[in-house]
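The values are calculated or read from the model by the stated rules, or taken from the named source; none is laboratory data. Just so it is clear, the model here is predicted, and its values are computed rather than measured. Cβ coordinates were reconstructed from backbone atoms using ideal geometry, including for glycine residues, and neighbour counts include every protein chain displayed. Accessible surface is based on the protein model in full, side chains and every heavy atom, while ligands, DNA and RNA are left aside. Shrake-Rupley method; radii C 1.70, N 1.55, O 1.52, S 1.80 Å.
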Amino acid sequence: MADRSLEGMALPLEVRARLAELELELSEGDITQKGYEKKRSKLIGAYLPQPPRVDQALPPERRAPVTPSSASRYHRRRSSGSRDERYRSDVHTEAVQAALAKHKERKMAVPMPSKRRSLVVQTSMDAYTPPDTSSGSEDEGSVQGDSQGTPTSSQGSINMEHWISQAIHGSTTSTTSSSSTQSGGSGAAHRLADVMAQTHLENHSAPPDVTTYTSEHSIQVERPQGSTTSRTAPKYGNAELMETGDGVPVSSRVSAKIQQLVNTLKRPKRPPLREFFVDDFEELLEVQQPDPNQPKPEGAQMLAMRGEQLGVVTNWPPSLEAALQRWGTISPKAPCLTTMDTNGKPLYILTYGKLWTRSMKVAYNILHKLGTKQEPMVRPGDRVALVFPNNDPAASMVAFYGCLLAEVVPVPIEVPLTRKDAGSQQIGFLLGSCGVTVALTSDACHKGLPKSPTGEIPQFKGWPKLLWFVTESKHLSKPPRDWFPHIKDANNDTAYIEYKTCKDGSVLGVTVTRIALLTHCQALTQACGYTEAETIVNVLDFKKDVGLWHGILTSVMNMMHVISIPYSLMKVNPLSWIQKVCQYKAKVACVKSRDMHWALVAHRDQRDINLSSLRMLIVADGANPWSISSCDAFLNVFQSKGLRQEVICPCASSPEALTVAIRRPTDDSNQPPGRGVLSMHGLTYGVIRVDSEEKLSVLTVQDVGLVMPGAIMCSVKPDGVPQLCRTDEVGELCMCAVATGTSYYGLSGMTKNTFEVFPVTSSGAPVSEYPFVRTGLLGFVGPGGLVFVVGKMDGLMVVSGRRHNADDIVATALAVEPMKFVYRGRIAVFSVTVLHDERIVIVAEQRPDSTEEDSFQWMSRVLQAIDSIHQVGVYCLALVPANTLPKTPLGGIHLSETKQLFLEGSLHPCNVLMCPHTCVTNLPKPRQKQPEIGPASVMVGNLVSGKRIAQASGRDLGQIEDNDQARKFLFLSEVLQWRAQTTPDHLLYTLLNCRGTIANSLTCVQLHKRAEKIAVMLMERGHLQDGDHVALVYPPGIDLIAAFYGCLYAGCVPITVRPPHPQNIATTLPTVKMIVEVSRSACLMTTQLICKLLRSREAAAAVDVRAWPPILDTDDLPKKRPAQIYKPSNPDTLAYLDFSVSTTGMLAGVKMSHAATSAFCRSIKLQCELYPSREVAICLDPYCGLGFVLWCLCSVYSGHQSILIPPAELETNPALWLLAVSQYKVRDTFCSYSVMELCTKGLGSQTESLKARGLDLSRVRTCVVVAEERPRIALTQSFSKLFKDLGLHPRAVSTSFGCRVNLAICLQGTSGPDPTTVYVDMRALRHDRVRLVERGSPHSLPLMESGKILPGVRIIIANPETKGPLGDSHLGEIWVHSAHNASGYFTIYGDESLQSDHFNSRLSFGDTQTIWARTGYLGFLRRTELTDANGERHDALYVVGALDEAMELRGMRYHPIDIETSVIRAHKSVTECAVFTWTNLLVVVVELDGSEQEALDLVPLVTNVVLEEHYLVVGVVVVVDIGVIPINSRGEKQRMHLRDGFLADQLDPIYVAYNM
């Protein structure tokens, strides 16, 4: 902002010269940005026109000091009661607002997630349009708006303006609402779109890699002079026109959002880190190095602080029971406890007399009326549960003292309301471990417990079996006259057990002995100056903590009168406690900050409040750093009502150490309480630095008074050896006193670590001979012995070496105008461990009336505020619907339960914002590719290191002697004629229908005659010449086979095409049309039914039906035979075309010559040992690849019978294929993955009934899955396991591998060794290395061999870039040389370069003569220990994935399937997943099987699992319905189709999350 007015200001020359010098220093890196800011503002500060108001956007150094007048201005701007007052600190709120103003982020620069209508409750239409990404907001001029028209960016000081700026020491505030790239230190960078508009990028194909640390891709642009306004791209509807990385314009909302995300991510990362811990030899996760400039403690070593002497007053009772006996007999009429109903009327007054007699009655009944005389259920020393509701303190008090008198140990717990209460299970575990068998409860509570139909109280989850015992007097027997409880002096027996919930949700029991109980009451009496018959108002929970100690125990020791206010009354009337203080002229009140805050909100309607009777207002959570704001605000409002400042007494307590410190009530009102204004940055390093209140990131804390009487306190380092802290260091407070807990019940190890700590000095000498107790509070002892607490150990989150407190983060979040969007105080902050570091997660409850856009705006502002004030990134911010977070019994949020829900994906948020890009700074360095090392040196390197060159081959076809009659024929058409003559009635094909009965069959002669008729038809009706192409559009069956041989007989070239699906013509017919056109078919043969379909009205809507070539219907054939059968002149002429859509969505047709076809059939015949006597069951689509060859060609060549099962029939009868295999006693069968999946899913529960039907698979030798991908090991294994009971041998199941250039390279034959599985290190694989690991080791990936290499096939592994041969420890492209390679692509455009590369490649080194075909698949070879039929060691080929599909991210190669497998495991509702990249962002699409409410649960889980297992940050998570991910007929995912659909906004996603 200063920049804008610089030009117009008359600056003296020397100042201008000094400014120029500064610029130079900054551009050369001699000075930091911050230093530059400081010096520059000093130089020009005097010449700046003074702004009329405190400009919050100025850097903190230049903010006007808060004078009284400006302070009052602050107060005017703050609407009272609009934020959570418990956490309110005006200083803090102003800080947050100032930090946000620095971002001036009124428009969102974060792409808002897209949500389906049904997920949005009520929202404006604006939520669906992308946020405006044009530069500049309307209300501020453009950045370049200075007089000369030179961009201010030339001064190198443009601020990273996007949301979450790096630090709060920003420079001038620029106005581009999106982010910028770091451009080599100087010169600002601009939006990618701007750059595209202004300049021509040299390299279209490589968009900037926004996911790496390096700035090598950043684009530096000098703006042309005078272009003062930035050009915005034209808008189309609600989309934006942009260019993709390939320079293709894309008009879509999605790509606009992705572009926006890319822009936002292009800002500089936190500084890269240098040192690592070794996670693996290749990928090293970075480890946070300590910042050399971080503050370090400099003070002297602290001294242990002693509290005052605990004075023994003469009339103090020897035990608490003695006190009760004394008051119960001396002054039985004195009131002990008054309880309230929900209207605030006194419900019941318990006097000391009644308390004494009733406690005795309870004690007698516990000891004598449970169990039998010989076997009492409860003996002295046993533990008993106390289950009383919060509105019945009287019954609870009677039961508690009854237990003390009976010498049994009470364990007060919450009332279980349902079987699934939050945290109730853990309380059950505590009761179980304490050996509790009896629960005391009140009549009303007993009636309210959930009951089973028989009236029994059910056993709660995790609870032991309990006897419920009602303690109301009317249910108890009167003790006999001579019975009297045994009252002893306080000793070391356990008095009671207080439960404590840990950070992880587990519940521990802290045991307090009788002597500790008494001493604690005495210490509180002395510290608080309690006197007999004082009145005390208690709002706290009387079951534990401060409420129990003051309201139940110490009150009885001093015969005080307690007015108990239940939580239910506070909810109805928040002022009730103040009214009771007035009504009873109470001297003391015990409250929490929440109660003060509620009173503030409600106090307006009260006239006659007078608090002058109060001498002490005990603030139980005074140790929470944010309680100070409640105390201040409360004092402000109620000072006029008689409240004195010195009355407010914050105290610090913990379940282990009981009361740690409490501020004493003084009579001297002149002495102000202690305050500390601490630097938040210092605190994250555990160092105390007093800060001026001007700074944004400070924490103001109040003292919690002095150490307790009779106690010693010190602070020790939170982790490691309990060494004393220095005076300016934050540590865990430890206390040595009689009045503390003594152990965690039943947990000796944890007890030792907490209750038996011996702090040592720096020299190693112990501070005291007595053990100290860790309080779990972080703090320090300040001047004058005042204790300050800055946080709890439980709320501590250590993010990359810095400590942050959950409460502080909550306070910052709540200071961002929360009341419009988030319920007050319904906010949870916790950390989850992802990738070896803690990550901060914030979950808040959203108000039902806030719109999507508002909430999203609020979320992005919270992220900015936390980043500015705490300098820490938030990993995930989630908003859930109101009232859905698990509650604790008193209405707070149950933190560990919330965290559990988040981690298991059942939180059901309605808004999620993840920022992994900004948070995760310990990813491994991106891989730097080695500068071109020649393939020769690689080969030599392999030889030197003893690695063999990776090559292998199947058996040699020439040397195999077999009586193969078909070998003497060059052409399949001749083989068929020969079979028709020699074995006319031999059955070749049997087609089954869905009922498993034979629908059709063909013998040799039938097939021959049918083919002849079709040949005549082609020549006469179709007038075709030899060499013409004919498209065969048939359903899987016999007609297809006959038509194929008919074409061969007529000399035509057949192309098999899958017919359109009658229910889905619109999407399937265009593919048919495309293949027919691309293959240049002169004619189309089909059945009558499909013929009608092709000419139907629906077809006309999808394609131009007039453009079909002539259609011949083979249902009525001519009766005559052809004059002669065509015989090709040359075996290298074309036999047929094989068209297929690859997984990347490319339609490719390959040419198969007659020679290749015959060689192919021979190779399969030898590998599978096929003879006329064999039967083979085939359940495959017969349209391309090996499926077509097995269905149509092999039987004719080898003479075996093929049982044909169309895969579509399995949809109606999933058992069809396996029943046929069993019925025909088949030894060899072929299927596809989709068939196997159908059987696994559809027959999983039916194995028993199939067994009963006589299904027997024990004869199966080979069950081969025909595929063009990495073997799906999980599916084949589950299939084998599932059908093992039906006799299937696990070794029978194997896979084949083929691709476009060679339709079958590997196929598990009958005689070779079993298929092998290896485990490889997934991280090494990303670096194209193969490293074998043990099964089950971390990052291991199982890979199954893709069948055995076929006879006549040679394989080598080559580097796809350098084309050099590789060693067998490398991952490379599989190259193949074989007689049945296809002879090239068939394309209209005759793209020779494409063809020659794929089909005629030579190695650049080594054997440079052989011509290889490149498969386009990455894989590796391994020599196994097994031997093959020739007695040689067997070489196994492992296919890893397609080169086209592999994603290059961070310089490493990732295979989509690996990431998808991880994601599918992440949550039970993810049924399918597909990933692809878009401008170097990883996009994950998941199919959700569940309610749409679960959609947002998946976002964090998907992000976590990909980070943990693949070290990748997910850019976009798209949640869609089942069936959206397109899958081809082979069961392979069509990821590129999906990507196109996503970018064109056609997926109708349930939710799209853009991770920041």
Computed E for Arg967/Ala1101 - FRET, C-beta separation, R0 41 angstrom, nearest 0.05
0.20
Give the percent of DSSP beta bridges with both residues in the stretch 1452-1532 that are antiparallel, rounded to the nearest 5.
55
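Would you work out what percent of the accessible area of the stretch 1247-1386, with all protein chains in place, is carbon or sulfur (probe 1.4 Å)? Intermediate values should be presented prior to the final figure.
Working: 2220 of 4440 Å².
That fraction is 50 percent.
What length, rounded to one decimal in nm, is gained on full extension from Asn491 through to Lys1120, with 0.36 nm per residue of separation minus their alpha-carbon distance?
On the way: separation 629, 0.36 × 629 = 226.44 nm, distance 11.65 nm.
Result: 214.8 nm gained on full extension.
Could you compute the FRET efficiency for Glu853 and Thr884, with r as their C-beta to C-beta distance and R0 at 22 Å, rounded to 0.05? Please list the in-between numbers first.
Values: r = 21 Å, r/R0 = 0.97.
The calculated FRET efficiency here is 0.55.
How long is the gain from Glu375 to Leu903 if the chain were fully straight, where each residue apart is worth 0.36 nm and the alpha carbon distance is subtracted? Numbers along the way, then the final one.
Working: separation 528, 0.36 × 528 = 190.08 nm, distance 4.76 nm.
Roughly 185.3 nm would be gained on extension.
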Under 5 Å between amide hydrogens, which residues at least 5 positions from Asp1328 or on another chain qualify, with H placed 1.01 Å from N in the peptide plane?
Arg1453
Any idea what Rg and Dmax come out to for the stretch 367-485 if you just take the C-alpha atoms, in Å?
14.3, 46
Using the Cα centre as the reference, give the magnitude of the dipole from point charges on the C-beta atoms of the stretch 420-565 (Lys, Arg: +1; Asp, Glu: -1; all else neutral), rounded to the nearest 20 debye.
480
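With a 1.4 Å probe and all protein chains left in place, how much of the accessible area of the stretch 564-656 comes from carbon and sulfur atoms, in whole percent? Spell out each step's value before the answer.
Details: 1480 of 3020 Å².
Carbon and sulfur: 49 percent of the exposed surface of the stretch 564-656.
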Accessible area expressed per residue, the stretch 865-913, with surrounding protein chains retained (probe 1.4 Å, Å²):
29
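Specify whether the C-alpha gyration tensor of the stretch 1302-1347 places it in the rounded, prolate or oblate class, a ≥ b ≥ c being the square roots of the eigenvalues: rounded for a/c under 1.5, otherwise prolate if a/b is larger than b/c and oblate if not.
Details: a/c = 3.91, a/b = 1.80, b/c = 2.18.
It is oblate, given that a/c is not under 1.5 and a/b is not larger than b/c.
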Out of the total accessible area of the stretch 737-861 (probe 1.4 Å, heavy atoms of protein only), what percent is carbon and sulfur?
55
Binned Cα-Cα distance frequencies in the stretch 1417-1487 - 10 Å width, integer %:
17, 34, 24, 16, 8, 0
Packing-based order for 892-901, 515-524, 975-984, using average beta carbon neighbours within 10 Å, highest first
515-524, 892-901, 975-984
Would you please calculate the Kirkwood hydrodynamic radius of the stretch 749-846 over all C-alpha pairs and express it in Å, rounded to one decimal?
16.5
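What does the charge dipole of the stretch 351-471 about its Cα centre add up to, to the nearest 20 debye, if the Cβ of each Lys and Arg holds +1 and the Cβ of each Asp and Glu holds -1? Can you show the working numbers first?
Numbers: 13 positive and 8 negative charges, 37 e Å.
For the stretch 351-471, the charge dipole is close to 180 debye.
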Heads up, the stretch 459-579 by the C-alpha gyration tensor (a ≥ b ≥ c square roots of eigenvalues; a/c under 1.5 rounded, else a/b over b/c prolate, else oblate) looks rounded
So between Glu1248 and Glu756, what do we pick up on full extension, going 0.36 nm a residue minus the alpha carbon distance?
171.0 nm
Considering amide H positions built from the backbone, and no H for Pro or chain starts, which residues 5 or more places from Gly1309, or on another chain, come under 5 Å of its amide H?
Lys1348
So if we plug the beta-carbon distance of Gln289 and Gln309 into 1/(1 + (r/R0)^6) with R0 = 60 Å, what FRET efficiency do we get, rounded to 0.05?
0.75
What distance in nm separates the two pseudo spin-label positions at Ser118 and Glu14, each 7 Å out from Cα along the beta-carbon direction?
7.5
So which of Lys1151/Lys1348; Lys1225/Lys1251; Lys333/Lys571; Lys1092/Lys1151; Lys1013/Lys1127 end up more than 20 Å apart, counting from Cα to Cα?
Lys1151/Lys1348; Lys333/Lys571; Lys1092/Lys1151
Which value, in Å², gives the accessible area per residue of the stretch 1186-1314 when a 1.4 Å probe is used on the protein heavy atoms?
30
If you restrict to DSSP beta bridges whose two residues both lie in the stretch 467-605, what percentage is antiparallel, to the nearest 5?
50
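Rounded, prolate or oblate for the stretch 1442-1556? Axes are the square roots of the Cα gyration tensor eigenvalues, ordered a ≥ b ≥ c, and the cut-off for rounded is a/c under 1.5.
Numbers: a/c = 1.41, a/b = 1.12, b/c = 1.25.
In terms of gyration-tensor shape, rounded.
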Can you list residues whose amide H is under 5 Å from Val880's amide H, if they're 5+ apart or on another chain and H is modeled 1.01 Å from N?
Ala844, Glu845, Gln846, Cys910
Given a 1.4 Å probe, how much area per residue of the stretch 306-368 is accessible, in Å²?
47
